[in-house]
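The values are calculated or read from the model by the stated rules, or taken from the named source; none is laboratory data. Quick caveat: nothing in here was measured; it's all calculated off a predicted structure. Cβ atoms come from the backbone with ideal geometry, glycine included; neighbour counts cover every protein chain shown.
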Amino acid sequence: MANNIPPAAADNPAAAFERMLTVLNTLREQCPWDKKQTMESLRHLTIEETYELSDAILEGDMQEIKKEIGDIMLHLAFYAKIASESGLFDITDVLNSLCEKLIIRHPHIYGEVKAEDEEAVKRNWEEIKLKEGNKSVLAGVPVSLPSLVKASRIQEKVRGVGFDWENRHQVWEKVEEEMKEFRDEFNTETDTPIDTEKAENEFGDLLFSLINYARFIDINPENALEKTNKKFIRRFQYLEKRAAETGKKLKDMTLGEMDAFWNEAKESEKK
């Protein structure tokens, strides 16, 4: 027998949220797939949905952004539903806990603390987290974060407690210093074997310093690299398409021939 479908709620966020919970509860009780899910089984799907939201944001696709936000919201409610079945917590506990945390960590809004700018807000946030029991400013950086994102978060965290360069010129000097150290590991003027482990360490230092500089000039390094990835894919696929149109296979083409199509791709993007 079909279930009664809860009606859509117009201009009423609370009613719309309640509708989502009603649908989720019904699926959890009656759908074979939803019945089987655990926090562990949902975890990789949540990560996938998060990346899909990230892609939609970079593409500026508002319809996709709306869709992916919904998918992630459903996952979060699903985790709370699973926890409630064991009496651990429910979605109400989650939301109340969130509100309490936000109120405590924004004393410049809900208390008497003064914060004139964004940096003061960040400093207050990190100090409050330490008072709450965090043993380190960096304790909140997830171990499993991708390394590029992790480096950026580490730098933002320590900046929040004043451990930072004074200006971007100092950071750029550090970039140049790390570039020289990395280049020295690949000195082509001698036949000295390359110490791969040391070179890897120097390359890591160089990347870390570049990410730091990006932060100083308000560039998100993850977004920047992903846009370059997308640009490369777009141009290479143009190259493949043009090669196919001329009856050529990439493996049989010279680098000069491929470069010509690559430059065509760049020109077509400008137009």
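Would you check if there is a residue in the stretch 39-51 being touching a Leu at 6+ places or on another chain (Cβ under 7 Å) and surrounded by 11 or more Cβ atoms within 10 Å (Cβ to Cβ)?
No: the stretch 39-51 contains no residue that is touching a Leu at 6+ places or on another chain (Cβ under 7 Å) and surrounded by 11 or more Cβ atoms within 10 Å (Cβ to Cβ).
Looking at the stretch 159-171, is at least one residue surrounded by 13 or more Cβ atoms within 10 Å (Cβ to Cβ), part of a helix (DSSP H, G or I) and aromatic (F, W, Y)?
Checked against the condition, which is being surrounded by 13 or more Cβ atoms within 10 Å (Cβ to Cβ), part of a helix (DSSP H, G or I) and aromatic (F, W, Y), the stretch 159-171 yields no hits at all.
Out of (1) more than 21 Å from the chain's Cα centre (by Cα); (2) over 13 Å from H75 (Cβ atoms); (3) touching a residue at least 40 places away in the same chain (Cβ under 8 Å), the odd one out for S54 is which?
The number of the failed condition is (1).
Here's the yes/no breakdown for (1) farther than 29 Å from E166 by Cα; (2) of a type outside the set (G, A, S):
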site	(1), (2)
G204	no, no
R215	no, yes
D218	no, yes
Q237	yes, yes
E245	yes, yes
L255	yes, yes
M258	yes, yes
E269	yes, yes
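Give me the residue from the stretch 72-107 that is surrounded by 15 or more Cβ atoms within 10 Å (Cβ to Cβ) and small (G, A, S) and, out of that set, farthest from H44 (Cα to Cα).
Once the filter is applied, the top-ranked residue is S84.
When you scan the stretch 236-256, how many residues do you find that are surrounded by fewer than 16 Cβ atoms within 10 Å (Cβ to Cβ) and not in a loop (DSSP other than H, G, I, E, B)?
Of the residues in that region, 11 qualify.
Cβ-Cβ under 7 Å, sequence separation 6+ or interchain: first residue in the stretch 70-83 and farther than 18 Å from I57 by Cβ and among the β-branched types (V, I, T), partner in a helix (DSSP H, G or I) and at pLDDT 95 or above. Which pairs?
Matching pairs, first to second residue: I82/M39.
Every residue in the stretch 95-115 that is closer than 23 Å to Y79 by Cβ and basic (K, R), please.
Once the filter is applied, which keeps residues that are closer than 23 Å to Y79 by Cβ and basic (K, R), the stretch 95-115 yields K101, R105.
Does L24 satisfy the condition of being modelled with pLDDT of 95 or more, aliphatic (A, V, I, L, M) and surrounded by 13 or more Cβ atoms within 10 Å (Cβ to Cβ)?
yes
Is it true that K180 is among the charged types (D, E, K, R), closer than 30 Å to R159 by Cα and touching a residue at least 12 places away in the same chain (Cβ under 8 Å)?
no
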